[in-house]
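K.L.:
Would you mind keeping the following structure in view while I ask a few things?
Values quoted throughout were computed directly from the atomic coordinates according to the rules given, and no laboratory measurement underlies them. Just so it is clear, the model here is predicted, and its values are computed rather than measured. Note that each Cβ is placed from the backbone with ideal geometry, even for glycine, and that neighbours are counted across all protein chains shown.
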Amino acid sequence: MDSVTARVYEDRARDWIAQRTPRALEDGRLDAFAAQVRGGGRIADLGCGPGWYAAHLRAAGHTVVALDLSRAMLVAAGRLHPGLPRVCADLAALPIADASLDGAWAQACYPHLSGDELPLALARLHAALRVDAPLALALADLERLHPPARADTGGELERRFEDDAFGPRLFSFQTPERMRALLEGAGFASIELEPSRRSFWMHVRARRARTLPDFVAPGLRVLVCGLNPSLHAADRGIPFARGGNRFWPAARAAGLVERERDVLAALRRGIGFTDLVKRATVRAAELRPEEYAAGVRRLAAVVRRHRPAVTCFVGLDGWRRAVDRRARPGMIANGFAGRPAYLMPSTSGLNAHASLERLTEHLRKAAAATG
């Protein structure tokens, strides 16, 4: 979370609590969310504040952990709700085991992350949830910002309000279209958006899909784009996860990564990951033409937002089905979404025509391309 905002909640916790009420209890949103979670399920109340919602969920029979970066808020939660399990942590580095949650409740906390932090923070939340687990969160709607934002924001904007009674808190705003893209990119489906009647908040409901999230961050040297995740990769949470896939050995031999199948370590070296189509399948033949078209549009927005030095498409057949039937390996003429792009053969073990040495050379060439 933004450090200035974190300090505001640490120093002004008592004032904030005194001036707020648990509106999601009053309007029924919390009970509607709880009804979607299996009985006795494990729920994280993220950005829990004084624990109002966590305590209610716990009283309803769920196993709940209350998480906040503000120690002052957690102290207040413990005082108001004795015995409530509490964790002090940052949403950008969520310390929750993979596939351990049956639901996540996050009201008005993720907008305090910067736009650069949000995709990876949501990807980490995706990992912590079980498949099909519900998510309820509030984001800040750029279209309801007053005065209206400029039209050239790219669908998102960060702002601190001079008249904020609590101090210079950071708010990251997105248009509804950008919100959907963020959630889809982070591996969520069944996305519903409902504007708040009171302010610029957008209430978002979604479910954790059986897929891979995007692993993206600022300053990417290479954005690696597969065709779509296999079910095995989706379940492992790692791109190109199957043992016979040569991507990771080739990436290590090419000097892109030091450790195989360590996505976060790769990100620290400027190597990101996404997929042309988000839906995980047993075989690529299951994908429909309209999914390719939608995937190209989604990916173009990702590339325009993060501006990697080069996007490397892994898999000739997928690119030929989606974009250019006559495409050949190598640099793509005119790039992709305004950035350099490279096309290489599939690294699947089923692609006997491409040796590990050849795949390694392709990755070296892709990494050497700059724009």
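K.L.:
Among Leu67, Gly41, Trp201, flag the residue with its Cα farthest along the positive direction of the charge dipole of the stretch 3-208, charges on Cβ as +1 for Lys/Arg and -1 for Asp/Glu.
P.N.:
It is Gly41.
K.L.:
Using a cut-off of under 20 Å, list every residue of the stretch 323-347 whose amide N is near the label point 7 Å from the Cα of Glu286 along the Cα-to-beta-carbon line.
P.N.:
Of the residues in the stretch 323-347, 347 have backbone N under 20 Å from the label point off Glu286.
K.L.:
Something else: With the crude spin-label approximation of a point 7 Å out along Cα→Cβ, what separation in nm comes out for Asp262 versus Ala352?
P.N.:
3.5 nm
K.L.:
What's the angle, to the nearest 10 degrees (0 to 90), between helix 71-80's Cα axis and the longest principal axis of the chain?
P.N.:
Computed tilt is about 50 degrees.
K.L.:
Now, a different point. Just order 355-364, 20-29 by mean Cβ neighbour count inside 10 Å, highest at the front, would you? Write down the numbers at each step before the final one.
P.N.:
Details: 355-364: 16.8, 20-29: 13.7.
Packing proxy ranking, top to bottom: 355-364, 20-29.
K.L.:
Continuing with this model, one more query. Computed from the mean reciprocal separation of all distinct C-alpha pairs, what Kirkwood hydrodynamic radius does the stretch 216-371 have, in Å?
P.N.:
Working: mean 1/r = 0.0653 Å⁻¹.
One over the average 1/r among Cα pairs gives 15.3 Å for the stretch 216-371.
K.L.:
In whole Hz and in residue order, list the ³J(HN,Hα) couplings for the stretch 167-184 that follow from phi through the Karplus curve 6.51 cos²θ - 1.76 cosθ + 1.60, θ = phi - 60°; x for Gly and Pro.
P.N.:
x, x, 6, 8, 10, 9, 9, 9, 6, x, 4, 5, 4, 4, 4, 4, 5, 5
K.L.:
Further question: With springs only between Cα atoms under 10 Å, which of Ala18, Ala233, Ala309 fluctuates most in a Gaussian network model of the chain?
P.N.:
Ala18
K.L.:
According to the square roots a ≥ b ≥ c of the eigenvalues of the Cα gyration tensor, what is the shape class of the stretch 3-208, taking rounded for a/c under 1.5, prolate for a/b larger than b/c otherwise, and oblate for the remainder?
P.N.:
It comes out oblate by the Cα gyration axes.
K.L.:
While we're looking at this one, here's another question. Per residue of the stretch 188-195, what does 6.51 cos²θ - 1.76 cosθ + 1.60 with θ = phi - 60° give for ³J(HN,Hα)? Whole Hz please, x for Gly and Pro, Karplus curve as stated.
P.N.:
10, 9, 6, 7, 10, 10, 9, x
K.L.:
Report the FRET efficiency, 1/(1 + (r/R0)^6), for Asp317 and Asp132, where r is their Cβ-Cβ distance and R0 is 35 Å, rounded to 0.05. Don't jump to the answer; show the numbers that get you there.
P.N.:
Working: r = 30 Å, r/R0 = 0.86.
Between Asp317 and Asp132 the formula returns 0.70.
K.L.:
Out of the DSSP beta bridges found with both residues in the stretch 222-368, what percent are antiparallel (nearest 5)?
P.N.:
Numbers: 3 of 17 bridges.
Taking every DSSP beta bridge within the stretch 222-368, about 20 percent pair in antiparallel fashion.
K.L.:
Find out how many positive minus negative residues lie around Ser199, taking Lys and Arg as positive, Asp and Glu as negative, among other residues whose Cβ is under 11 Å from that of Ser199. Don't skip to the answer; put the middle values down first.
P.N.:
Numbers: positive: Arg23, Arg144, Arg197, Arg198; negative: Asp141.
Result for the neighbourhood of Ser199: +3.
K.L.:
Counting alpha carbon pairs within less than 8 Å and at least 6 residues apart, what relative contact order, in whole percent, applies to the chain? Write down the numbers at each step before the final one.
P.N.:
Working: 767 pairs, mean separation 44.7, N = 371.
Value for the chain: 12 percent.
K.L.:
Another question, then. Skipping prolines and chain starts, which residues have an amide H placed within reach, meaning under 5 Å, of the one on Leu223, given they are 5 or more residues away or on another chain?
P.N.:
Amide H neighbours of Leu223, under 5 Å, 5+ apart: Gly272, Val310, Thr311, Cys312.
K.L.:
So what is the calculated 222 nm ellipticity per residue for the chain, using -39500 (n - 2.57) for each DSSP H run with n of 4 or more, over all residues, to the nearest 500 deg cm²/dmol?
P.N.:
Details: 14 runs with 121 residues, N = 371.
About -9000 deg cm²/dmol.
K.L.:
If you don't mind, another one. State, as an integer percentage, the relative contact order of the stretch 222-368 based on alpha-carbon contacts under 8 Å between residues 6 or more apart.
P.N.:
Values: 243 pairs, mean separation 44.0, N = 147.
Averaging sequence separation for qualifying contacts and normalising by length gives 30 percent for the stretch 222-368.
K.L.:
Counting alpha carbon pairs within less than 8 Å and at least 6 residues apart, what relative contact order, in whole percent, applies to the stretch 3-208?
P.N.:
Values: 403 pairs, mean separation 39.1, N = 206.
Worked out over the stretch 3-208, it gives 19 percent.
K.L.:
At a Förster radius of 25 Å, what calculated FRET efficiency corresponds to the Cβ-Cβ distance of Gln19 and Val87, to the nearest 0.05?
P.N.:
On the way: r = 25 Å, r/R0 = 1.00.
That gives a FRET efficiency of 0.50.
K.L.:
Once the Cα atoms of helix 289-306 and of the chain are each reduced to a long axis, what angle between those two axes, in degrees from 0 to 90 to the nearest 10, is obtained?
P.N.:
So the inclination is approximately 70 degrees.
K.L.:
DSSP loop trypsin sites (Lys or Arg not before Pro) in the stretch 109-169 with at most 10 other Cβ atoms within 10 Å of their Cβ, which ones?
P.N.:
Numbers: sites: Arg124, Arg130, Arg144, Arg150, Arg159, Arg160, Arg169; in loops: Arg130, Arg150, Arg169.
Answer in residue order: Arg150.
K.L.:
Now, a different point. Show me, for the stretch 223-237, the HN-Hα J-couplings you get by feeding each phi into the Karplus relation (A = 6.51, B = -1.76, C = 1.60, θ = phi - 60°), rounded to Hz, glycine and proline as x.
P.N.:
Couplings: 9, 8, 10, x, 6, 7, x, 6, 4, 5, 5, 4, 6, 7, x Hz.
K.L.:
Sticking with this one: Pull out a ≥ b ≥ c, the square roots of the eigenvalues of the alpha-carbon gyration tensor of the chain, then state rounded if a/c is under 1.5, prolate if not and a/b is larger than b/c, and oblate in the remaining case.
P.N.:
Details: a/c = 2.13, a/b = 1.79, b/c = 1.19.
Prolate, since a/c reaches 1.5 and a/b exceeds b/c.
K.L.:
Something else now. Where does the charge balance sit around Val87 when Lys and Arg score +1, Asp and Glu -1, over other residues with C-beta under 15 Å from its C-beta?
P.N.:
Working: positive: Arg42, Arg58, Arg71, Arg86, Arg124; negative: Asp45, Asp68, Asp90.
Summing Lys/Arg as +1 and Asp/Glu as -1 gives +2.
K.L.:
Quick one: net charge around Thr5, please, counting Lys, Arg +1 and Asp, Glu -1 for every other residue with C-beta under 13 Å from its C-beta. List each step's numbers first, then the result.
P.N.:
On the way: positive: Arg7, Arg12, Arg159, Arg160, Arg169; negative: Asp2, Glu10, Asp11, Asp68, Asp90, Glu117, Glu158, Asp164.
Result for the neighbourhood of Thr5: -3.
K.L.:
Go through the stretch 95-194 and name the GluC sites (Glu not before Pro) that are in a DSSP coil and have 15 or fewer other Cβ atoms within 10 Å of their Cβ.
P.N.:
Working: sites: Glu117, Glu143, Glu156, Glu158, Glu162, Glu177, Glu184, Glu192; in loops: Glu117, Glu162.
Taking the stretch 95-194 and a limit of 15 other Cβ atoms within 10 Å, the loop GluC sites (Glu not before Pro) found are Glu162.
K.L.:
Is the C-alpha gyration tensor of the stretch 239-307 telling us rounded, prolate or oblate? Criteria: a/c under 1.5 is rounded; beyond that, a/b larger than b/c is prolate, otherwise oblate. List each step's numbers first, then the result.
P.N.:
Details: a/c = 3.04, a/b = 1.39, b/c = 2.18.
Oblate, since a/c reaches 1.5 and b/c is not below a/b.
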